[in-house]
Amino acid sequence: MRSHIESFLQYMTVEKRMSANTRQAYASDLTQYASTLNQLGVEDWNDVTRSHIVKHIEELSQAGRASSSLRRAVSSIRMFHHHLKMTGVTTTDPSLYLETPKAEKQLPDTWSQTEVERLLDSVPTSDPLSLRDRAMLELLYGTGMRVSELLGLDLDDLQFELGYLQCEGKGERARIIPVSSVAQSFVERYIQQARNGLGGRETEALFLNGRGGRLSRQGFWKMIKRRAKLAGIDKEITPHVLRHSFATHLLENGADLRAIQQMLGHADLATTQVYTHVNKSRLHDVYRKHHPRA
């Protein structure tokens with residue numbers, strides 16, 4: 001049974017151009033699924049029934065998995081069983097008509113402008129790694145890029161003489177993003193004063209780790225958690241907190257929603273509209289705090 005999972009993942013990677021992160025997530029979902037089936041005594045994919053799948057999803061839910069994680073698990077299982085049937089491994093698809101868990105409406109984590117400024121201003125620029133960290137954080141907040149987009153930047157993606165950069169987003173969709181003068185100045189300082197000291201002569205990657213290779217998501221995650229702690233910010237932190245803060249602060253200061261959509265690289269305006277709910281919730285907080293009859 002495990003070999004069919006590997007064949008499916010290989011198919012999705014080669015034929016459907018599944019990203020490395022998505023492949024890892026699907027592999028985890030399907031490995032857990034196969035483990036549940038094994039515990040239920042199922043040893044052949046042809047013996048799987050809809051009840052087996054429902055049992056697995058119920059166990060994930062009882063274990064505290066978030067609705068987004070449950071939805072992804074259902075998606076993984078559906079695509080996998082469809083692949084098994086299409087390739088002749090099975091004669092039926094037990095995942096047909098399987099209900100998808102409803103998505104929880106969660107507002108993105110954002111920081112206030114004061115908190116963002118405290119984080120940015122707390123990062124020194126006295127050594128190559130600190131200057132790199134400051135440049136990355138300034139660029140994230142100054143453009144609203146995803147972390148994966150930031151780490152995928154090469155030197156020739158920067159068009160600072162024109163005031164923008166180009167990045168490749170989800171679905172390999174390239175987009176142009178304006179860059180603030182502050183973010184641009186820190187990135188230029190990093191390139192001139194720090195990048196070569198990290199081994200930058202041998203690669204086109206913009207942001208490097210201490211060994212001269214492209215910085216990883218894990219490396220960035222460790223960095224931003226450490227920098228937030230040093231800045232004295234005792235709040236929940238996510239990899240996209242600066243992206244969400246970028247969009248929220250633009251909206252609070254009167255930016256057009258469609259312009260924000262383009263800068264964030266959202267294919268659908270409805271995805272961007274979540275930030276209007278964040279804005280409304282903040283207005284509600286201000287009203288309750290300051291109105292004498294609230």
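Loop-located GluC sites (Glu not before Pro) in the stretch 159-233 (DSSP state not H, G, I, E or B) with no more than 15 neighbouring Cβ atoms inside 10 Å: GLU204.
Amide H contacts under 5 Å for LEU208: LEU215, restricted to partners 5 or more places along the chain or on a different chain, H placed in the peptide plane at 1.01 Å from N. Using only Cα atoms, tell me the angle between helix 2-14 and the longest principal axis of the chain; keep it within 0 to 90° and round to the nearest 10. Once rounded, one gets 40 degrees.
Here is the list for the stretch 1-47: trypsin sites (Lys or Arg not before Pro) lying in DSSP coil, each with at most 13 other C-beta atoms within 10 angstrom of its C-beta, are LYS16, ARG17.
The angle between the Cα long axis of helix 241-252 and the main principal axis of the chain comes to about 60°, on a 0 to 90 degree scale.
Here the alpha carbons of the stretch 161-273 define both size measures, Rg and Dmax, at 16.1, 44 Å.
Residues LYS102, LYS55 ordered from highest to lowest accessible area at a 1.4 Å probe: LYS102, LYS55. The angle between the Cα long axis of helix 50-62 and the longest principal axis of the Cα atoms of the chain comes to about 40 degrees, rounded to the nearest 10.
Could you tell me how far the Cα centroid of the stretch 14-40 sits from the Cα centroid of the stretch 71-141, in Å? What the calculation gives is 16 Å, centre to centre.
Whole percent per 5 Å bin, from 0 to the bin with the longest distance: what is P(r) over all C-alpha pairs of the stretch 1-62? All Cα pairs, binned at 5 Å, distribute as 4, 17, 26, 21, 17, 12, 3 percent. Take the Cα radius of gyration of the stretch 93-192 and divide it by 2.2 N^0.38 Å, N being the number of residues; the result is 1.43. Each Cα pair under 8 Å and six or more residues apart adds its separation to the average, and for the chain the resulting relative contact order is 16 percent. Remark: accessible surface ordering of ASP234, ASP109, ASP156, ASP29 (largest first) is ASP234, ASP156, ASP109, ASP29, probe radius 1.4 Å.
Only helical runs count toward this figure. For the chain, summing -39,500 (n - 2.57) over DSSP H runs of n ≥ 4 and dividing by all residues gives -17500 deg cm²/dmol at 222 nm. Normalised Debye scattering of the chain at q = 0.09 Å⁻¹ gives log10 I(q)/I(0) of -0.59, counting only Cα atoms as equal scatterers and leaving out solvent. Kirkwood radius and radius of gyration were both taken over the C-alpha atoms of the stretch 6-122, and their ratio Rg/Rh is 1.12. Beyond 15 Å, what share of the Cα-Cα pairs of the stretch 86-145 is found? Please give it as a whole percent. Within the stretch 86-145, distances greater than 15 Å cover 70 percent of Cα pairs. Among the GluC sites (Glu not before Pro) in the stretch 1-47, those located in a DSSP loop and surrounded by at most 10 other Cβ atoms within 10 Å of their own Cβ are GLU15, GLU43.
The values are calculated or read from the model by the stated rules, or taken from the named source; none is laboratory data. Here the structure is a predicted model, which means the values were calculated and not measured. Backbone-built Cβ (ideal geometry, glycine too); neighbour counts: all protein chains shown. Ligands, DNA and RNA are excluded from the accessible area calculation, which covers all protein heavy atoms including side chains. Shrake-Rupley method; radii C 1.70, N 1.55, O 1.52, S 1.80 Å.
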